[in-house]
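Down below is the structure, laid out as structure tokens.
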Amino acid sequence: MAKSSQKNKSGRKKNKKNIFSPDSLALFRKLQEAAEKEHQLEEFLEKAAAVIGQTFGHNRVTIFLYDNSTQELFFVRGWKDEPVDFPVGYRQKIVLGLMGKAIREKRLVVVNDVTRDKDYLEVPSVKVGSEACFPIMLKDQVLGLLDVHDRRKRAFSREEVDFLNFLTRFLGAALAEKQKAEELQVEQQKLREILDGMRDGYYEVDLKGNFVFVNESLSRAWGRKRQEMIGHNYREFLEPESIDRVFRVFNEVFRTGRPKGGIEVQVRDVKGAVHHLEFSVSLKKDRAGLSVGFYGIIHDVTERVKIEEELTYAYARLSGLMEAFPDAVYFKDTSGKYLILNQALENLTGRKKQEIIGKTDAGIFPEDLARQCAASDEQIIQTRKPAVFYESMTLENGRVCYFESHKAPVFDAEGQLIGIAGISREVTDKKTAEEKLKQSERDFRSLFENSTLGLYRTTPDGRILLANPTIIKMLGYTSFEELASRNLEENGFEPSYPRRIFMEKLEQEGEVRGLEAAWKRKDGSTVWIRESARAARDKNGRVLYYEGTVEDITEKKLAEMALAQQKELFQTIIDSAEDIVFVLNRDYELVLFNQAAARTFGLTPEEVRSRSFRELYPGESWEGARQRFDRVLGGGVVRADVELKFKDRKIILNVTEVPLKNEKGEVYALCGIGRDLTTRVELEKALELSLKEKEELLGEIHHRVKNNMQVISSMLNIQAHFIKNPEFTAIIKDCQNRIRSMALFHEHLYKFGQLSRINFGEYLNRLLVHLYNVHRVDQRQVEIELDCQPVEIEVSLAIPLGLISNELISNCFKHAFPGGKKGKVRVALQSLGPDGLRLEISDTGVGIPEEVNLEQSATFGLQLVGLLKDQVGAELKVERSGGTSFTIVIPPKI
């Protein structure tokens, strides 16, 4: 075609082409050959650009593809008589240049002089005179652009432009076909990659069953290369029992046209291992809809079959195990429906397995129990963690049954929750026992916290593990932590009560009961305790800890110590006593005695303690003593003189025995005090004999004195008959009265047998009668009043008082009532205490004149009264109003 072109005057080729000219037809053939020969789009476009450029003789021909998504043209291939200046992948927005205008307006754009066109996009390195842009379209869709450059101006004729515009339609159809083929190839490649990337096998066979394609997974699973399988029939690989099954499936699919899946077959790989396969079959057709073969997916289920076989075996074992369980074992799905259960659940519900499977708790159990089960299932579903639940059910008889359920979530291989597994058992007895245990624990805690006894637990090395508030307070601490900080091995025990003794007793006897010890309190003071404890051991006999109780006996111990001190003091006191002191209990056992008692028995205190009281007491006197003791133990008091005969001596005791009573008033013992009267009785007997002899002697003396005084009085009376002087006669008479008063005194002593003391009241009575008669008092004239108490006084005091009384009473009779005057004489005696008295002698007569001074009286009688008063230390008072009154007071002895 180049040769047939003609040049114009300027030397340029004339590019007048007819569509149906031979050159044009040759051009079409070249483009068609290129389209058929070049499978790749880029190579086809490069070939087409070269054919067009070389045919029409232009400087540059480029073909662009259009990207509708970005509204850009991108360079694919081109031709130029010089190297193409566009890089591969060059892109240009359609808003620029002549190419953009052609795309935007979907029409060809031809500029024979670019310098005069405003849309021309100048590129400094490119020399262009004329440019023609042809949109490549298929129907209304823009596919690309044919861009033709020429350095000459007016290089494009009308015929050439029409021809090139016609060519773009061919290029559009070819380009669309090439793009579709490439897209198909890409999709096929993607499909191949997908198939090769599948874990499952993929196959394609022709109608005869020969493999035309297998993916990588299938060839790898069967241990063969693709080349070893392509073209070979499936019968070569299947196990004999599977060949016929596959053949029937292929025929069914071919006949019905419907795909079929889930076919199980066995195939043996090159190593001889049998694989279990599950495959599908679909009918493969060509574009014309004709059946050309089969294709499908092959899934190797060897592991699944093994797992199913193992699961079948495991399920059989599990079923046996579940049935062996005495507890209800079950599995529910997430909706709460029972899927698996054992015989125990049937027994619990009273229903058969067929009646339970597929039902929820609401369809099996009473409403209250079903509600509890549903709530616990929901908790498992929400938390996805195992848990233990306690559920209850009230029976018709009112009895409450308790159930303990262990539930756990069950997940599949992907971690999805598929149900709940559970084990339930009736724990009514256990629950009741637990409630009792809890109550017991509460009671123990209450007892532990509120016990008045101290409770503890300690280790052999002295650590305190447990202590209740009582023991904490007992030891002066404020908290258990503070108490536990001290170690009992290091401190806590008094040195005289080492912990070693406590531990030795525990080791030897296994327990300690009532051990008394002394502990140290926090402030250093001592607390006395009574302790009971036992050792807790492990199965090997090793001591784990000690636990015990502690009672604070400090007050009791201090009281015992004080009592012991008092007892010791009391024993010391009674040992210092000369009298016998002893205490007998109700069994006649000697509880207490002093050293005087031991001396009385002629034994040492140790010998007395070693014998019974019955052995110590003289046998012949025991019966009387027992009767006496019984009276005292019955509540009486006994005072008696007891004569005891021992082997070599006789003892006389004056005993006083009194009962000892407890706080209830019950007699529990008797206390006796005995005084040894043996020596005293003997002395008293001697004294009695001596006194009797002396009394007889004194009585004889008093009798003889009285008789002598009577003789003297008689002699004075005879003498008075011979004296005629009245004054002298009166004096003699007074002397007689005085002698008579003394004679009366001795007569009284002799008569009543008392020699040291005298009843002075009786003596005054006899003296008054005697004087009344001696003075011949007329009872019509003088009245006698006697008021004398029976006052006993010593003889040494009685004689002077008798003489004083004689003088004063005689004066009353002689001087108080002259000339027949009437009146009264009063004698009164009153005791003022030991040897103390008050003696009053008075009259209602004329009285003693005021000028008479009793202290300096000239009369012998009053002088005698004054002397005798001073002798006995008496006080004398005289009253002169209404007569005369003499009062003599002798103060009592102190």
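Any idea how far apart Glu623 and Val681 come out in nm if each label point goes 7 Å out from Cα toward Cβ?
Those two pseudo-labels are separated by 2.1 nm.
Only sites in a loop by DSSP and with at most 13 other Cβ atoms within 10 Å count here; which trypsin sites (Lys or Arg not before Pro) in segment 511-543 make the cut? Present the calculation step by step, with values, prior to reporting the outcome.
Numbers: sites: Arg513, Lys520, Arg521, Lys522, Arg530, Arg534, Arg537, Lys539, Arg542; in loops: Arg521, Lys522, Lys539, Arg542.
Those satisfying the criteria are Lys522, Lys539, Arg542.
Over 24 Å between Cα atoms, which of Lys101/Lys127; Lys814/Lys893; Lys271/Lys306 qualify?
Details: Lys101/Lys127 20 Å; Lys814/Lys893 35 Å; Lys271/Lys306 19 Å.
Over 24 Å apart, Cα to Cα: Lys814/Lys893.
What is the total of Lys pairs in segment 502-660 with C-alpha atoms under 19 Å apart, excluding same-chain pairs fewer than 8 positions apart?
4
For segment 198-300, rounded, prolate or oblate, judged on the Cα gyration tensor with a ≥ b ≥ c (square roots of eigenvalues), a/c < 1.5 rounded, else prolate if a/b > b/c?
On the way: a/c = 1.79, a/b = 1.43, b/c = 1.25.
Prolate, since a/c reaches 1.5 and a/b exceeds b/c.
Lys/Arg Cβ at +1, Asp/Glu Cβ at -1, dipole of segment 372-436 taken about the Cα centre: which of Ala375, Val427, Ser392 is farthest positive-ward?
After comparing all options, I get Val427.
Looking only at Cα atoms, what is the convex hull volume of segment 767-894 per residue, in Å³?
Expressed per residue, the convex hull around the Cα atoms of segment 767-894 is 108 Å³.
What's the extension gain from Val591 to Glu414 if we count 0.36 nm per residue and subtract their Cα-Cα distance?
54.3 nm
Nothing charged except the Cβ atoms of Lys and Arg (+1) and of Asp and Glu (-1): what's the magnitude of the dipole of segment 767-894 about its Cα centre? Round to the nearest 20 debye.
For segment 767-894, the charge dipole is close to 400 debye.
What is the packing order of peptides 544-557, 870-883, taking the mean over residues of other C-beta atoms within 10 Å and listing the highest first? Before the final figure, lay out each step's value.
On the way: 544-557: 17.1, 870-883: 13.3.
Going by the mean number of other Cβ atoms within 10 Å, highest first, we get 544-557, 870-883.
For segment 306-433, take every pair of Cα atoms, bin their distances at 10 Å starting from 0, and report each bin as a whole percent.
Distribution as computed: 12, 42, 34, 9, 2, 0 percent.
Rounded, prolate or oblate, given the Cα gyration tensor of segment 414-485, with a/c below 1.5 counting as rounded?
prolate
Could you name the aspartates and glutamates whose alpha carbon sits less than 20 Å from that of Lys118, not counting residues in the same chain fewer than 8 places away?
Here the aspartates and glutamates satisfying the reach criterion relative to Lys118 are Glu105, Glu131, Asp147, Asp150.
Taking the radius of gyration and the Kirkwood hydrodynamic radius from Cα positions alone, what is the Rg/Rh ratio for segment 577-676, to two decimal places?
Reported Rg/Rh, Kirkwood definition of Rh: 0.94.
Charges at C-beta only: +1 for Lys and Arg, -1 for Asp and Glu. How large is the resulting dipole of segment 306-363 about its Cα centre, in Debye rounded to 20?
180 debye
Among the aspartates and glutamates, which fall within straight-line cross-link reach of Lys190, defined as a Cα-Cα distance under 17 Å, with same-chain neighbours fewer than 8 residues apart omitted?
Those aspartates and glutamates meeting the cut-off are Glu182, Asp200, Glu204, Glu216.
Short version: what are the Cα gyration tensor semi-axes of segment 455-570, square root of 5 times each eigenvalue, largest first, in whole Å?
Taking √(5λ) for each eigenvalue gives 26, 18, 11 Å, largest first.
Would you mind working out the magnitude of the charge dipole of segment 198-300 relative to its Cα centre, with +1 at each Lys and Arg C-beta and -1 at each Asp and Glu C-beta, to the nearest 20 Debye?
Dipole of segment 198-300, to the nearest 20 debye: 280 debye.
Readers should treat all values here as calculations from the given coordinates under stated rules, not as data from a laboratory. Please read all numbers here as calculations on a predicted model, not as lab measurements. Cβ sites come from the backbone with ideal geometry, for glycine too, and all protein chains shown count toward neighbours.
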